[in-house]
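See below for the structure under consideration.
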Amino acid sequence: MSQDTPVKRQFGHRARLALSPAGVRTADDQAHAARTLWNLLHAWWQMMPKEKRTLANADAAIRQARQDIGFLAVLPAQAAQAVLKTYVRAWKNCWEGRADAPNFKCRFRTVMSVDIPQGRDLNIVRVHRRWGQVNLPKVGRVRFRWTKDLPVGKRAGAENRITGARLVKDALGWHIAFRVQILQARPAPHRGPDIGIDVGVTVPLALSDGTTYEHGAWLTGKEKARLLHWEQRAAQRKQHRRPGERTSRRLHRTYDRIAGLRAKAKRRALDWQHRTTTAIARTYGTVVVEALTITNMVTSARGTLEEPGRNVAQKSGLNRAISGEAWGRTVTLLTYKTARYGGSLVKVPAPGTSRRCSVCGLTTPGSRESQAVFVCKNPACGWSGNADHNAARNVLHLYRTGLALVPAAGRAVVRRAKRVKPAAAR
Ligand SMILES: [Zn+2]
């Protein structure tokens with residue numbers, strides 16, 4: 001393909017909805033109806049003999065259920081179809097080993113969501129610098145926060161358009177996630193320098209050129225104190241609950257407050273990750289990261305042979321395990337962002353990057369002095385410096401010596417869910 005060929009890009013965009021109290025109730029009802037429909041479908045699926053489990057039969061069953069059960073009518077017909085589609089896909093994911101078998105969805109642990117599979121009737125308009133308006137089925141016109149230029153109105157076409165949306169509720173209320181598809185010029189190859197990144201112990205991200213990306217605590221002192229207070233309050237109330245007693249409204253409110261503060265912390269962390277990864281993808285051409293695997297984490301926690309100070313080693317393993325999920329997200333963000341700016345992301349095998357000296361290239365026993373400082377014990381070298389930068393430089397060096405992992409080789413660890421009786425389920 002030539003340089004000028006535009007490429008199709010699909011992405012999601014999430015915006016906060018300004019629903020009226022009545023709108024919130026309708027959206028809640030729709031989400032509960034969608035969940036109920038899923039549960040009915042699952043019960044039907046398990047009851048039916050294998051040869052009768054067809055898409056047409058399931059569709060007929062859904063139509064019948066919508067006629068028989070009054071409160072299911074609140075769910076738009078297209079959203080009901082989307083439930084069936086998601087359910088069938090869930091089985092497919094299970095049969096192909098990507099996920100567990102679909103199960104019943106319980107009221108309190110399921111994320112409330114409603115699918116709007118087609119973008120045609122959304123009728124999105126920008127009404128203000130900060131507000132847009134969208135048509136939600138059976139809810140009506142609703143305003144949402146306009147934080148990104150969406151392909152609507154005159155800018156929309158066969159190639160640039162919104163293909164659908166999904167309503168999702170979290171601790172802050174209802175949001176809308178648009179599915180956007182645009183045609184974009186292929187980015188020119190990034191001419192920026194190569195860079196190695198290490199998940200630091202003392203700093204969150206350490207780069208091989210000496211840059212660090214740091215962040216403070218996600219919650220302020222006051223917020224932390226409030227969170228602790230609500231958590232203690234919830235624990236107390238739970239302790240004094242008699243068996244069989246229903247969760248009180250007050251306890252529910254306390255849970256909501258806890259969830260709200262935790263969601264706030266998560267949102268700030270995600271915001272920091274987005275800003276950091278965008279800055280990195282813009283600046284550097286090739287970004288090199290360690291391919292962290294579970295086994296590496298375990299051995300580094302166990303690692304008593306190479307690293308004296310058992311507690312230190314365990315702590316580092318713990319740190320990594322805790323930051324593991326967030327690191328995975330950083331890598332995910334970097335993967336698509338580097339591609340968008342014409343760069344690339346490369347993974348190198350992780351073992352030894354924190355124990356090797358990046359100046360002489362040797363791993364001398366007892367080299368690392370503390371978590372923060374690396375002192376080379378090789379008598380001919382004796383270099384000392386920041387331990388995280390040392391690891392980041394080792395990561396970059398592994399790439400330059402041609403040790404990058406080829407993604408297609410399947411070395412990257414994919415969480416393989418256990419398969420639950422696929423033969424019987426089918
Ligand atoms: Zn050295």
Seminar exercise, completed: (1) surrounded by 18 or more Cβ atoms within 10 Å (Cβ to Cβ); (2) free of Cβ contacts under 8 Å to residues at least 40 places away in the same chain all hold for ILE116 apart from (2)
Seminar exercise, completed: Taking the stretch 347-359 and keeping residues out of contact with any Gly (no Cβ under 9 Å at 6 or more places or on another chain) and either within 7 Å of the ligand (Cβ to nearest atom) or over 12 Å from ALA392 (Cα atoms) (or both) leaves LYS347, PRO349, PRO351, CYS357
For this session: Looking only at the stretch 197-256, count how many residues are part of a loop (DSSP other than H, G, I, E, B) and under 23 Å from TRP272 (Cβ atoms).
Result: 16
For this session: Output the residues belonging to the stretch 364-382 that are over 36 Å from the mean Cα position of the chain (by Cα) and either surrounded by fewer than 15 Cβ atoms within 10 Å (Cβ to Cβ) or in contact (Cβ under 8 Å) with a residue 12 or more places away in the chain (or both).
Result: THR364, PRO365, GLY366, SER367, CYS376, LYS377, ASN378, PRO379, ALA380, CYS381, GLY382
Problem set entry | Residue within the stretch 412-419 that is surrounded by fewer than 22 Cβ atoms within 10 Å (Cβ to Cβ) and modelled with pLDDT of 85 or more present | no
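Condition check ((1) without any contact (Cβ under 8 Å) to a residue 12 or more places away in the chain; (2) buried (at least 17 other Cβ atoms within 10 Å of the Cβ); (3) over 30 Å from ALA259 (Cβ atoms); (4) in contact with a Lys or Arg (Cβ under 7 Å, 6 or more places away or on another chain)) across all residues:
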position: LEU205; (1), (2), (3), (4): no, yes, no, no
position: LEU228; (1), (2), (3), (4): yes, no, no, no
position: GLU231; (1), (2), (3), (4): no, no, no, no
position: GLN236; (1), (2), (3), (4): yes, no, no, no
Exercise. Hey, among the residues in the stretch 366-383 that are at pLDDT below 80 and on the phi < 0 side of the Ramachandran plot, which one's nearest to the ligand (Cβ to nearest atom)?
Worked result: SER367
Problem set entry | Filter result for the condition that a residue is more than 30 Å from PHE374 (Cα to Cα) and over 23 Å from the mean Cα position of the chain (by Cα), over ARG191, ARG179, ARG145, ARG166 | ARG191
Problem set entry | Pairs with Cβ under 6 Å, 6+ apart, first in the stretch 324-347 and closer than 13 Å to ALA279 by Cα and in the same structural domain as VAL203 (by TED's automatic domain parsing), second part of a helix (DSSP H, G or I) and of a type in the set (D, E, K, R) | TYR341/ARG282
For this session: Determine whether LEU183 is among the aliphatic types (A, V, I, L, M), in contact (Cβ under 8 Å) with a residue 60 or more places away in the chain and within 20 Å of ARG16 (Cβ to Cβ).
Result: no
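The values are calculated or read from the model by the stated rules, or taken from the named source; none is laboratory data. What you see is a predicted model, and the numbers here were worked out from it, not measured in a lab. Ideal geometry is used to build each Cβ from the backbone, glycine not excepted, and the neighbour counts take in all protein chains shown.
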